[in-house]
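First up is the structure itself, then whatever we jot down about it.
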Amino acid sequence: MDLEPDVLVIGGGMAGLVAGTVAAQDGLDVLLIRRGQGSTAMSSGAIDICGYMRGATVHFESPIEAIQTITRVHPLHPYSIIAYDEGGIVPEKSIKYIKDATNWLKKQLARSIAAIEGDLSRNLMQLTQIGTTKPTCFVQGSMVHPGLYDNDSRPLFVGIRGHSDFNAAITANTFLQYRMDIDMAPRIVLNEMIDLSPHGRHHNIASIEIARFLDTEEGLEKITSILKNEVKRTGATHVVLPAVLGIERAIDNAKHLSKETQATVFETLAFPPSVPGLRLQMALDRIFQASGGTLILGHKAVSGVFKGETLVEVKASGPKRKISIRPKAAVLATGKFISEGLLGSQKGVREPLFGLVTVTGEFYDASEEYPRRHTRPIPFTNRGHDIFQFGVPVDENLRPVDYNGRAKAENLFAAGAIIAGYDFSSEKSGLGVALTTGYVAGEKVIRNIRSDI
Amino acid sequence: MSEEEAYEFVMNTLRKEAIVPLDHEEIDIVRSIEKCMNCGSCINLCPVVAAVGMDTFSGPRSIAIELSRSTPEFWTSANMIFLCTGCGTCRENCPHDVDIPMIVNLLRWVIYKQRPELIPKQLLEVQNRLEKHSLAFEPWEDIEDKNESRDVRIEQLGIPFVKDRKGVKAEVLFYPGCQAEERAQEVREAAKYILVRLEVDYCLLSEMSCCGLPARLSGAKELARDLEKKLISKIKETGAKKIVTTCAGCTSSLSEIIENSGVNVKVYHIIEYLMEEVDEAKLKLLFERGRGTSESTITIHDPCHLIRHTSRMIMYYASIILRMIPGVSIKPSSAFDSCCGGGGMVGYHSPHVASRVTEVNVKAIERTGAERVVTPCPLCTTQLENELFRSNVVVDVDDFTVFIAQQIARGER
Amino acid sequence: MFDVVVIGGGSTGTAVARDCAMRGLKTLLIERDDIASATVGTCAGMISSGLKYMDEPEIVDLCSQEVVYFNKIARHIIMKNPILTPIFGMSDLSSGGNFAEEYSKRAAKRQVPPVLFLTPEDSLKIEPMLNPDLIASLYFEEYFINPFRLCILQAQDASVHGAEIRTYCEVVDIRLSNNEVKSVVFYDRVSGKKEEVSTRIIVNATGPWAERIAGLAGTNVELRLNKGAHVILDRRVVNVGVIAKAVDGRMIYLFPHESTVLLGTTAIDTWEDPDTLVTSHDEIEYLLKSMEWVVPSIRKARIIRTMEGVRPLIAEWKIPEGEVTRGYKIIDHSDEGVSGLLSFTGGKLVMCRRMAEDVTDVICKKLDIQATCETHIRPLPGNDSDIDVVSLAKEYKVSQHVVERMRTRRGTKTRDVLELVRDHPEWRTTICVCEPVIEAEIRYSIRNEYPRTINDLRRRLRVGTGPCQGTNCTYKIAAILSEELNLGIAETLIEMTRFLSERWKGKRPPFRGDLLAQEELVQAIYSCVGNLDREAIHEPNPWEEGL
Ligand SMILES: Cc1cc2nc3c(=O)[nH]c(=O)nc-3n(C[C@H](O)[C@H](O)[C@H](O)COP(=O)(O)OP(=O)(O)OC[C@H]3O[C@@H](n4cnc5c(N)ncnc54)[C@H](O)[C@@H]3O)c2cc1C
Ligand SMILES: Cc1cc2nc3c(=O)[nH]c(=O)nc-3n(C[C@H](O)[C@H](O)[C@H](O)COP(=O)(O)OP(=O)(O)OC[C@H]3O[C@@H](n4cnc5c(N)ncnc54)[C@H](O)[C@@H]3O)c2cc1C
Ligand code: SF4
Ligand code: SF4
């Protein structure tokens, strides 16, 4: 059976699902295939828009400020590309897209298991699993911590015995140190280890186990009574937990616990295996499907057939079956190296699915650039490694282009981490770029199908 | 030392050092696992980790990045590796396609060579049966009893009996698999009935022979190969160009062995056959004839061996087919594609683990309020039936094939 | 006042400290970094019969004898290494003949078979990854020893016998009086203080740095420094070891080793500061290209990292590296007018005990002490008996694989570690998944084996050495280390980036394939989420400086 959807989305992270949902909500028949989870499911629970300029040590106060700077300094950054208008970059256009995309997402995610809070006017300084803070724009509802940075806050960091991802004592001290460095230390920072063993053991406990446990009444009751006591005993104003408050119920649980303990109970940003990342992935999957999209997991797109300047067919393979899809338009959202949207050998970087042109951070041909040469001897610097800016170059319609800057196909669009020209780790811009380009690609696809751009 | 002696000597040293020399194909399997980057995404989704916790079953990530790295140490995984149900959830979600179920079979095989005493004895029993009868179950002693049991079952379900077509050549071979052959006979009968009603030129094997999956899953690689070979030659005898099966495990397993053997035969689960080879109008007509005879609210369970070992498209087809049936309304379960716990031979030696895995399904099925669960696999059917019963949840479980046959039969009356 | 100050905590230095202490000498070992942090930590750990030096029969004898001793005193950290040398043509065979004979002569003593000849079919059954064009193969057996554990155990045994071990102390001066060594001045890198200790004898066991140390005493040592690099591949992708001829006719090897495969090694004369060396692109390609002829699929294997070291060879010039003697020399500097200073040149890991025996004999003679060497008879800690992994795992409710890995490091001492979980059940938690290592062993090691950094723990426990190279465990170990050693917070964060930097050192040269995804993940965790790229900038390491 051949599949002939209006839109084929290849890749189901933030970028692909957003593009697919936007198109599906416009009434198009959208098929999304994905071979596995990618970076989106590993993300920490925060949606970064842009925290830093590459090379800068001071963070941006607000994403708006960031976009204004980036569109000026990096004309080929995805945030700049979408701002092209009549040959020039119009920063307001980019800001408008980002506003639309984030407002849209916020609305979509509202009441989902990954509802987000925050706004574009400022970057939040969000507490991470190791006690450091990072600038980000939106966080999941179970992660907000009003008043944490007030002088009279008394945060209590709570770890769970046998859950090695989170060391409450060290995390608490890291937080304290950071606040002291900027002369804004709370008077007291507390930490405690509690027993919460989902399977009757106090060792080798994964975040996900605790999250599942807290989704049950039994789990919630248990943690509520423990935290109530702890807060009473210590007089804490905030309770800081690793990101384990639930899969389905994390936000409700955080609210419930805050109400019961009279302290603000919240989660830190997580490292993988990340529960909030999973929540985001699941929420996006559900929204896409609720919008009428068809999600086929476990299928990998393996090749494409182009006729002239049109992509006519994509072949995909499942574990033991092959399928052929003939869409009207397609969105490529296969991610970067983690998701294998890009592959690197010692001699260069390529895009394995369609053999698209790949470029370096400076937009030179990347097919024969030794990856090593685009790294620095020191792994962590404020400039990041150039190799992580590698990707597929796109035109202002987000269509991958060839060496001449012409679109490879009029009906093929790209979104997310596969796009060249930004380094999400260094800039703290990952999900923001994925969301925005996904949103824009969704709109472009609609226009492509409805009115042939 | 002669060359043979030299070889013997070397093999002896390797044995002492617990080095089980892997062959090319096996090393390639080990190789395919190398792509693991320890992201842990799979830990979040593995149903066994969810059921018993990461301490009891350290999970797919640990299988990929820890337990499968050094062959001489494979035996140490014996306290973990037999708990994997082989559901493939990890592989389906892994960003790098790390094929955990494959490596699990390999680890089990190597343990078999290194420390057979660490293998759960129930698996050895299955292997014995397979060796003796080429069947995963002890065959009925008395064929009369078998037939009687069959008749009772189909009578209850309202499926007309049609005679077996054995020893003939035909375009289509219907392969029921061990479960439907020896235990869930109604599935086998239902499939035959459907094929006849659709006027398909089909036959059965002269004698049922296991596809080898249970052997492979329990670590008996050589036995699995023998069974595969035996089956392939039996298939060749029939001259069939297409094989239709009703079992999820058989679908994925046959697809694999047929592909490896190079025989020019196409494997279908009956769902695929109905979708791809049968005229939609014909099928609809058969369903339509039964309109008004029955109403039911169902929920669907997707078997791992279909969705994660063959293709998700099959269940996409299944829902299209089920929607054609008048009077059927579908209530999706939130755990529709969650492993039922019946796979990987886990139930044989650790039934408590298997039941804990099924709990998720049971709860979700109960929440749907559906009257029955429909699933295209006799193994899933049994596992779900048992666990629903145990949890006092009154929901019927029907094999997909039986469900379809019933509808067609109603139209006939 | 010490009888002996041993400078250098590699295989040689720790062996010397052990021997001296066992013979009752008041001994101090000073190491500028960690035990086994330099050359010995980059070697393959082969305690070979000396197959490469068939032209030096006395060395082959010596090595063979040492293997016998190691098998007696340290069998828990030893593994057998079965090796195939495939033969593709007559030229391969002729060079094999002499070797086979010399090897076989000593085989029985080491309890290994003589060199065996295998047919191509049998060879391929044993090692299917070989190029099927082979016409035969030679089979023989060697042993590996865990070089890190050997050094740690030697150091620990030395302290049991009264020696003092000072790590992170760099010798900065040697003071003489009347041309006789009087004292050693060293800088304690942890406390930041200089100290001076007086001693009667100094043993310069600083491997490639021997020239520098001799210089401090105003005398000299000449070495031929030779760089060697390995490529480390993930998991055992060959069943047995393989030896092959490289592009330039040298012999290289592919050895299964712990949970990895080692591909090595190169040999390049070097005059660089050993601390700044990293493996070059050429070295990696040289090794891959050479092995590709014999194991055609090798290039597809996942590279974990590279590692490099410097061989402190005896200074013989104008001959290829391979022809330089593998023997060692003890230089008594009294011949040049500085008495009390003894330096080593040359040598190998496999000879370290013997080198120590020789130098201690010299020392005893100088100090006029009657004591005989017992280092070959008295076992190293943990060697006592076999242990039953399955039942220990059950008893302490720890995974079998964890216990098995522990056993290969600790032998009978495994139980000491496991005892910790009685009071702290949560320490059963696996911290490094790849290897795997549980919290109890990390705590035990910090308390008993004097590590200061995660990298030190890596040497002792193999944490962070798997394919993920610390992606998942670095922050967890940093927290444990911080608790145990009471590190400041800034230091704890920097400890994370420092360890990941050290890992990056080996990942960057072969940067390709899966390493790209792995590093993207590291950056995502530690920069994107952890913000350490802005919050924890470490002092550049020597190999990172100036770039
Ligand atoms: C550990 C980690 C933490 C992070 N934390 C944050 C954070 O806190 N905040 C933030 O803003 N950003 C964060 N990021 C960055 C952010 O997650 C990514 O930049 C973003 O998710 C990229 O989205 P994407 O949709 O482009 O790609 P991905 O999410 O990687 O999705 C790519 C998809 O394509 C699929 N695919 C690939 N090839 C094929 C094929 N051939 N056929 C079918 N499907 C295919 C993959 O399976 C995958 O589903 C983090 C990243 C990581 C790795
Ligand atoms: C790539 C390679 C592979 C090898 N493979 C093998 C093999 O398989 N088998 C084998 O037997 N041999 C092998 N060798 C040789 C073997 O590793 C070395 O000969 C041996 O380990 C040297 O040990 P060492 O203790 O003398 O030197 P090192 O290990 O270098 O120890 C010297 C120590 O002195 C310390 N030091 C230096 N300066 C000072 C100072 N100022 N103050 C205090 N301390 C100081 C250093 O920090 C260092 O720890 C190999 C060598 C290389 C390079
Ligand atoms: S097997 Fe796949 S999903 Fe699991 S940890 Fe490894 S790379 Fe991640
Ligand atoms: S196959 Fe299923 S049970 Fe086995 S490890 Fe993977 S997810 Fe877990």
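Just a few scattered comments:
- Top-ranked residue of segment A:165-188 - restricted to ones that are open to solvent by less than 30 Å² (accessible area, probe 1.4 Å) and β-branched (Val, Ile, Thr), ranked as farthest from the other protein chains (Cβ to nearest Cβ): A:Thr171
- Taking the numbered list (1) buried (at least 24 other Cβ atoms within 10 Å of the Cβ); (2) touching a residue at least 40 places away in the same chain (Cβ under 8 Å); (3) closer than 28 Å to C:Arg166 by Cα in turn, C:Leu500 passes all entries but (2).
- The residue that is nearest to ligand 3 (Cβ to nearest atom), among those in segment B:48-82 that are surrounded by 24 or more Cβ atoms within 10 Å (Cβ to Cβ) and hydroxyl-bearing (Ser, Thr, Tyr), is B:Ser62.
- Which listed residue, of A:Glu209, A:Glu221, is open to solvent by 10 Å² or more (accessible area, probe 1.4 Å), at pLDDT 95 or above and not polar (S, T, N, Q): A:Glu221
- None of A:Gly118, A:Gly162 is more than 13 Å from chain C (Cβ to nearest Cβ) and of a type in the set (Gly, Ala, Ser) except A:Gly118.
- Hey, B:Val374 within 14 Å of chain A (Cβ to nearest Cβ), open to solvent by less than 10 Å² (accessible area, probe 1.4 Å), more than 16 Å from ligand 2 (Cβ to nearest atom) and among the aliphatic types (A, V, I, L, M) or not: no
- Count of residues meeting criterion [among the acidic types (Asp, Glu) and over 25 Å from the mean Cα position of the chain (by Cα)] in segment A:205-227: 3
- Boolean, B:Gln122 is within 22 Å of the chain's Cα centre (by Cα), farther than 24 Å from B:Leu254 by Cα and surrounded by fewer than 17 Cβ atoms within 10 Å (Cβ to Cβ): yes
- Where helices (runs of 4 or more DSSP H) fall entirely within segment A:1-100, those with at least 3 residues that are away from chain C (no Cβ under 14 Å) and either within 11 Å of ligand 1 (Cβ to nearest atom) or under 20 Å from the mean Cα position of the chain (by Cα) (or both) are at A:14-25, A:63-73, A:78-81.
- When C:Leu176 is tested against (1) among the aliphatic types (A, V, I, L, M); (2) away from chain B (no Cβ under 14 Å); (3) open to solvent by 20 Å² or more (accessible area, probe 1.4 Å); (4) within 28 Å of the chain's Cα centre (by Cα), just one condition goes unmet, and that condition is (4).
- Among (1) more than 26 Å from B:Val394 (Cα to Cα); (2) part of a loop (DSSP other than H, G, I, E, B), the one test that B:Val244 misses: (2)
- Test result for B:Thr85, of a type in the set (Val, Ile, Thr) and within 13 Å of ligand 3 (Cβ to nearest atom): no
- Yes/no for C:Lys413 being more than 30 Å from C:Lys227 (Cβ to Cβ), in contact (Cβ under 8 Å) with a residue 60 or more places away in the chain and open to solvent by 10 Å² or more (accessible area, probe 1.4 Å): no
- Tally, over segment A:311-352, of residues that are away from ligand 3 (no atom under 16 Å from the Cβ), open to solvent by 20 Å² or more (accessible area, probe 1.4 Å) and among the hydrophobic types (A, V, I, L, M, F, W, C): 1
- Residue in segment C:197-217 that is more than 14 Å from ligand 2 (Cβ to nearest atom), outside any strand (DSSP E or B), on the phi > 0 side of the Ramachandran plot and modelled with pLDDT of 95 or more present: no
- Test: residue in segment C:468-491 that is among the aromatic types (Phe, Trp, Tyr), buried (at least 24 other Cβ atoms within 10 Å of the Cβ) and over 20 Å from A:Gly344 (Cα atoms): yes
- The condition of being within 22 Å of B:Gly411 (Cα to Cα) and surrounded by 16 or more Cβ atoms within 10 Å (Cβ to Cβ) holds for B:Ala191.
- C:Val221, sole failed condition from (1) at pLDDT 95 or above; (2) within 16 Å of ligand 3 (Cβ to nearest atom): (2)
- Residue in segment A:102-112 that is aromatic (Phe, Trp, Tyr), in contact with a His (Cβ under 6 Å, 6 or more places away or on another chain) and under 19 Å from A:Gly432 (Cβ atoms) present: no
Condition check ((1) surrounded by fewer than 16 Cβ atoms within 10 Å (Cβ to Cβ); (2) away from ligand 4 (no atom under 16 Å from the Cβ); (3) not in a loop (DSSP other than H, G, I, E, B)) across all residues:
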residue	(1), (2), (3)
B:Arg91	no, no, yes
B:Val126	no, yes, yes
B:Phe137	no, yes, no
B:Asp145	yes, yes, yes
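- Among the candidates A:Arg399, A:Arg450, residue that is open to solvent by 20 Å² or more (accessible area, probe 1.4 Å), more than 16 Å from ligand 4 (Cβ to nearest atom), at negative phi and under 22 Å from the mean Cα position of the chain (by Cα): A:Arg399
- B:Leu45 meets each of the listed conditions (1) surrounded by 24 or more Cβ atoms within 10 Å (Cβ to Cβ); (2) within 9 Å of ligand 4 (Cβ to nearest atom) apart from (1).
- Matching entry among C:Ile314, C:Ile377 (being over 27 Å from C:Trp271 (Cβ atoms) and either touching a residue at least 40 places away in the same chain (Cβ under 8 Å) or of a type outside the set (Val, Ile, Thr) (or both)): C:Ile377
- The set of residues from segment C:200-216 being small (Gly, Ala, Ser) and within 19 Å of C:Gly9 (Cβ to Cβ) comprises C:Ala205, C:Gly207, C:Ala210, C:Ala214.
- One residue stands out in segment B:44-89 among those that are over 23 Å from the mean Cα position of the chain (by Cα) and β-branched (Val, Ile, Thr): the one that is farthest from ligand 2 (Cβ to nearest atom), namely B:Thr56.
- Of everything in segment A:334-358 that is closer than 16 Å to A:Pro393 by Cβ, in a strand (DSSP E or B) and in contact with a helix residue (DSSP H, G or I) (Cβ under 9 Å, 6 or more places away or on another chain), the residue that is farthest from ligand 4 (Cβ to nearest atom) is A:Gly348.
- Subset of segment A:175-192 that is at pLDDT 90 or above and of a type in the set (Val, Ile, Thr) - its residue that is nearest to C:Ala479 (Cα to Cα): A:Val189
- Per-region count, segment C:333-357, residues more than 12 Å from ligand 2 (Cβ to nearest atom) and touching a strand residue (DSSP E or B) at 6+ places or on another chain (Cβ under 6 Å): 5
- Some residue of segment B:366-376 being of a type outside the set (S, T, N, Q) and over 26 Å from A:Arg286 (Cβ atoms): no
The values are calculated or read from the model by the stated rules, or taken from the named source; none is laboratory data. Note that the coordinates shown come from a computational prediction; the quantities given were computed from them, not determined experimentally. Reconstructed Cβ throughout: ideal geometry from the backbone, glycine too, with neighbour counts over all protein chains shown. SASA here: full protein model, heavy atoms, side chains in, ligands and nucleic acids out. Shrake-Rupley method; radii C 1.70, N 1.55, O 1.52, S 1.80 Å.
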